[in-house]
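Values quoted throughout were computed directly from the atomic coordinates according to the rules given, and no laboratory measurement underlies them. Just so we're clear, the structure is a prediction, and the values are computed from it rather than from any experiment. Here the Cβ positions follow ideal geometry from the backbone for every residue, glycine too, while neighbour counts run over all protein chains shown.
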Amino acid sequence: MRKIFLVIMMLLGLNLFAAETIKVGALVDLSGGTADVGKPYADGIKDCVKWFNENGGINGRQIELLIVDYGYKIPNALAAYKEFKMKKVVAIHGWGTGDTEALTKFVAEDKMPYVSASYSEHLADGKKKPYNFFVGASYSDQTEAALKFVKDKGGKNVAFIYNNTGFGRSPFFPDGENAAKKLGLNLVDKQVVDLKALDATAQMLNLKKSGAQYAIIQETYMATSTILKDAKKNGLNTRFIGLNWTFDKPLIKIAGAASEGFYGVSPFAFWDEDNNEGIRFLKQLNKKYNPSIQEREVNYVQGFASMYVLLSAIKNVKGKITGEAIKYSLESMKNFNTMGLTPPVTFTKDVHKGVRAAKIYEIKNGKIVPVTGVITLD
Amino acid sequence: MNYINCGNFKTSYEKDAAIYQTTFSKICIYSFLIGLFVLPFFLNSYLLYIMNMIFISVIAAVGLNILTGFTGLISLGHGAFIGVGAFAAGYLISKFSFGFFIIIPLAAIITSMVGVIFGTPSLRLKDLYLSIATLAAQFILEFIFIRAERITGGVNGMPVDAPVFFGYTIDNDFRFYFFSLIYTIIMVTAAKNIIRTKIGRAFVSIRDNYIAAETMGVDLFRYKLLSFAISSFYAGVAGALWAYYVRFITPEHFTINVSIQYLSMIIIGGLGSILGSIFGTIFMVVLPELLRHIIGIFSHYLPVLEQIFPAIREAFYGLVIILFLLFEPEGLARRWNLIKAYWKLWPFSY
Amino acid sequence: MEFFLQILIAGIVIGSIYSLVALGFTLIYKSTGIVNFAQGELLLVGAYICLHIIVSYNVPFVFAFIITLLFMFFFGFLIEKIFLRKMIGEPIISIIMLTIGLSSLLKSIVQIIWGTDTRTYPEIFPHEPVTIGFLNISVVYIFSIIAIAIFLIIFTIFFKTTKTGVAMRAVASDQQASLSMGIDVRKIFALSWAIAAVVSTVGGILIGNINGINTNLSQFGLKVFPVVILGGLDSILGAIVGGVIIGVLENMVGGYIDPLIGGGAKDVFPFVAMIIILLIKPYGLFGTVKVEKV
């Protein structure tokens, strides 16, 4: 027992010698329920840090990224947070809704800036959750945009499809329900499909019975593919609209023909938008860092953009880098340009959701095409 | 002064059943405990965290060992019962402002009652069927945790306030260390004592040959239920402590993997041995952390390791369980006894 | 009415896969007395191996299917030889824990090699449903039901007529007597594991064709318990009947009760059913009632 202690202390001691770096913690999911989007996202984060470090780091200091794969299990996230705190990270880039919301109390107490990949509306209130931020359009805003789209298309009956995690429920209860009511749409069905579900037959049959013309999906690629395939198998006429995590090439790959006609809401630029400055830049960067990977998912773009915002905020801090200073730096960002990878990012003291606009796309002939212009969300 | 036992020479029943067989071992144990109280001043936050995890897990492991190791009833639902304790504590804290003095025992009693509810129908069954029933209990309780949102907060989880001890808020690892250490000492001593009494002997007889036990007049159903209740009580205490420690509990904390982990702990440590439970717990808590550090170092050279680490960790668990079962089925406690026996006679060889 | 029939059919398909897995489980339990917690992982490994062969070596489905079955046959042999030989005579809790450890190990090895993403089989069956009367049935479902029925018939014939099949039934019924009759019990043990692996693999491949595979597939291993409790731990017929019943009931709950309570009931229902069965008929529909001799 004692020997183990000594070994641990030695290892920790060795860690202390790299003192000049700025440590940033990152929670990622490489093996859990959201790993299909988590892996490319993590790659985006890593590449962003690498790029920053190759270009002078943050005012001369290198950034040390401490990545922990918590497998989408909240207990692991809590343990990792403790470790990050002990290793004195200046900020944390988090991932999932459940664990981010679980950590908000601690994060506020510890004054630890926390940028999450969760776009839950609960995290957007700067007054209640002063240290939580996210670079994305909130799920509730995306849902509202989708519902408006449905109304414009003349739809009357909508349904929500989600899973039993904080992430799954965030867009719909209560924000989605309220938005539907406000727009005069009938919420005729709610179905639960697990993140890793391989069968959604019963849910699709029920959806068919309910007569929903449009259904909004909050899942990742895997469950979405199951839903679309089972919908097709059971002859459903419902059109599906997915929120951002459901929507990109991997879905087309695993859902195949069933993905035709699938709508998606996304504030991020997709990999084949070659006219986008940021995409062109990332293609170059990716070729340099990962020459063997030609195609990247939108999640890679997201990860990069999100980390870019955080690191830029840290860079703009004048004086000592503390949690509070980073918070103020983030809150002073107005129409920050992320090379076009996202709409311009704005944070204020009260509003910590950085992106307020998105586009709606459709999968036509196996390709992702936009069907609306940029929709501003408020 | 005799340091060790040289043959059996007990002069009364009390002496035979005593926990400290010699004055020497008494001194050893007391100095060890004093050492434990002094230790935290030298440890950093991370090591304190590990110790706290060990303390909480020991309580739950000892509870499970009473049920499985001593009474022979395999439970696959221990994780869920710990969850009951945690959510009960959390709920009570949010509704009433009792101190932890009252909350922890109260939560444990609630867990005990839940244990009895699940135990009563299942204990008519034998061996395997009981294990399967506890497996069902695990899933049903998990389902309830997720759906009973008003009580448990559902998937969003439940925040828990820190316990307050005469004005000191116990909200960091250092303070929590003493808090949990005291509880651990109490619970482990209680367990050791239970085993020494009539109840403990009844348990063991049920495990070894329940038909003979019944013919001897041991009321099987009553004692089995008691064992279940006691083990659930322990799970409840561990759960309540856990709630106070992480201060945010979700149903994900209490899955079947947790139940399997505890089973591994007591098997690796040694069934039917309180000391074994402690060993097993230390082993299962420290090993993954150690593994993480080692992989962390190697992943500088082989970054792909970082990606597959959780899978490696799972594989490791499975492998360790299998290896222990194949090569050391009676666990670490047996190893410890062998080592002690060796030193007993040292420097003589026989 | 259409809704009901659709749910029923989906239930029969899933139920028949449960039957296959339960069949493997029961086989092992009957012959060796071991409770195999790793049954689900055998399904998982089989499904992934088949996918791997199809995708990496571009082998047509039928050949990949057969190769996988052969591979899993030997895999089952191997597991029995390495892990379970040593455990003969150990208390039951140790054996249960060993299979639990094995399941953990297998699942993580699959994860290490193939990752956790959902992977799909290349399209072997068209996605468009076939219309029979007024019902839309997916082609995969039809194929699955037929395949499983064929397998079950093959197995029944195997056990009733071939020498090895009869030998297995003998060992399952009374080990001592079989030994004295000259049956090589060790070989039978190994064979039961091998067959169990094969049977689960068939189930896994069929599921894979429906919507793809991911590491969640091993859940089937847990669902097998309600099935065998319902059917009787040591009854092959019970495994088959129990599987279909549980599959149908589960889907019925999913179809009719889940919408009322917001989901999730479908997954917990088999376990609730199991508790109820344990209360009223612990030995299941076809299981032999254990009489304890002192």
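When you restrict to C-alpha pairs under 8 Å that are six or more residues apart and normalise by the size of chain C, the relative contact order lands at 37 percent.
Counting only other chains, and only Cβ atoms inside 10 Å, what mean value do you get across the residues of B:150-157? Please list the in-between numbers first.
Numbers: counts 0, 0, 0, 0, 3, 11, 9, 6.
For this peptide, the per-residue mean of nearby foreign Cβ atoms is 4.
Among the listed pairs A:Lys209/A:Lys359; A:Lys39/A:Lys249; A:Lys181/A:Lys334, give every one whose C-alpha distance is greater than 26 Å. Long pairs (Cα-Cα over 26 Å): A:Lys209/A:Lys359; A:Lys181/A:Lys334. Between B:Ala213, B:Ala89, B:Ala61, the Gaussian network model of chain B with springs among Cα atoms under 10 angstrom shows the greatest mean-square fluctuation at B:Ala213. The angle between the Cα long axis of helix A:74-86 and the main principal axis of chain A comes to about 30°, on a 0 to 90 degree scale. Convex hull volume of the C-alpha atoms in the protein assembly as shown, normalised per residue: 186 Å³. Here the dipole of region B:152-203 is about 580 debye; that uses its Cα centre as origin and unit charges on the Cβ of Lys and Arg (positive) and Asp and Glu (negative). Protection proxy ranking of C:239-252, A:341-354, by the mean of other Cβ atoms within 10 Å over each peptide's residues and highest first, is C:239-252, A:341-354.
The helix-based estimate of mean residue ellipticity at 222 nm for chain C, built from -39,500 (n - 2.57) per DSSP H run of four or more residues and divided by its residue count, is -24000 deg cm²/dmol to the nearest 500.
For the peptides A:271-284, C:174-187, A:289-302, the ranking by mean Cβ contacts within 10 Å, running from highest to lowest, is A:289-302, A:271-284, C:174-187.
Inter-label distance, A:Thr322 to B:Leu33: 4.5 nm, where each label sits 7 Å from its Cα along the C-beta direction. The HN-Hα couplings worked out from phi for region B:270-275 by the Karplus form 6.51 cos²θ - 1.76 cosθ + 1.60 (θ = phi - 60°) are x, 5, x, 9, 5, 4 Hz, whole numbers, x standing for Gly and Pro.
For chain A, the relative contact order comes to 17 percent (Cα pairs under 8 Å, sequence separation of at least 6). Assuming charge only on the beta carbon of Lys and Arg (+1) and of Asp and Glu (-1), the dipole of chain B about its Cα centre is about 800 debye to the nearest 20. Note on C:209-216: average number of Cβ atoms from other chains within 10 Å of each residue's Cβ is 6.
Angle of helix A:201-210 to the longest C-alpha principal axis of chain A, folded into 0 to 90 degrees and rounded to 10: 50°. Bridge orientation summary for the protein assembly as shown: considering DSSP beta bridges with both residues in this region, about 40 percent are antiparallel.
By the combined test of axial Cα extent (at least 18 Å) and Kyte-Doolittle hydropathy (mean at least 0.0), the qualifying DSSP H helices of chain C come to C:2-32, C:39-57, C:61-79, C:92-114, C:139-161, C:185-211, C:219-231, C:236-252, C:265-280.
Near A:Ala231, once Lys and Arg are set to +1 and Asp and Glu to -1 for all other residues with Cβ below 12 Å from its Cβ, the sum equals +3. For chain B, a Gaussian network of Cα nodes joined below 10 Å ranks B:Leu302, B:Leu220, B:Leu291 by mean-square fluctuation, and the top entry is B:Leu302. Neighbour counts of C-beta atoms inside 10 Å place C:Ser19, B:Ser25, B:Ser273 in the sequence B:Ser25, B:Ser273, C:Ser19, starting with the fewest.
To the nearest 20 debye, what charge dipole does the protein assembly as shown have about its Cα centre, counting +1 at the Cβ of each Lys and Arg and -1 at the Cβ of each Asp and Glu? Let's see the in-between values first.
Details: 89 positive and 69 negative charges, 278 e Å.
The calculation lands at about 1340 debye.
The angle between the Cα long axis of helix A:2-16 and the main principal axis of chain A comes to about 90°, on a 0 to 90 degree scale.
Here r is the Cβ-Cβ distance between B:Trp343 and B:Tyr301 and R0 is 45 Å; the resulting FRET efficiency, rounded to 0.05, is 0.65.
Using a Gaussian network model of chain C in which every pair of alpha carbons under 10 angstrom is joined by a spring, one finds that among C:Ile145, C:Ile49, C:Ile132 the greatest mean-square fluctuation is at C:Ile132.
Viscosity 1.567 mPa s, temperature 4 °C: give me the Stokes-Einstein translational D for region C:163-231 in µm²/s, with Rh taken as the Kirkwood radius over C-alpha pairs. Mind showing how you got there, number by number?
On the way: Rh = 14.2 Å.
In µm²/s, the coefficient is 91.
Using a 10 Å cut-off on Cβ to Cβ distances, tally the other chain neighbours for every residue of A:21-31 and report the average as a whole number. Please report the intermediate quantities before stating the final value.
On the way: counts 0, 0, 0, 0, 0, 0, 0, 2, 2, 8, 13.
That works out to 2 on average.
Would you mind classifying region A:28-159 by shape? Square roots of the alpha carbon gyration tensor eigenvalues, ordered a ≥ b ≥ c; an a/c under 1.5 is rounded, otherwise it is prolate if a/b is larger than b/c and oblate if not. It comes out prolate by the Cα gyration axes. Hey, any idea what the orientation-averaged projected area of the convex hull of region A:251-378's Cα atoms comes to, in nm²? Taking a quarter of the hull surface, the average projection is 9.6 nm². Exceedance of the 28 Å cut-off in Cα-Cα distance is limited, within the set B:Lys192/C:Lys30; A:Lys127/A:Lys151; A:Lys288/A:Lys349; A:Lys23/A:Lys353; A:Lys85/A:Lys327; A:Lys105/B:Lys192, to B:Lys192/C:Lys30; A:Lys127/A:Lys151; A:Lys288/A:Lys349; A:Lys105/B:Lys192.
Amide H contacts of A:Lys23 (H built 1.01 Å from N, in plane; Pro and chain starts excluded): A:Glu64, A:Val90 sit under 5 Å, all sequence-distant by 5 or more or on other chains. The value of relative contact order for region C:202-294, using C-alpha pairs under 8 Å at least six residues apart, is 33 percent.
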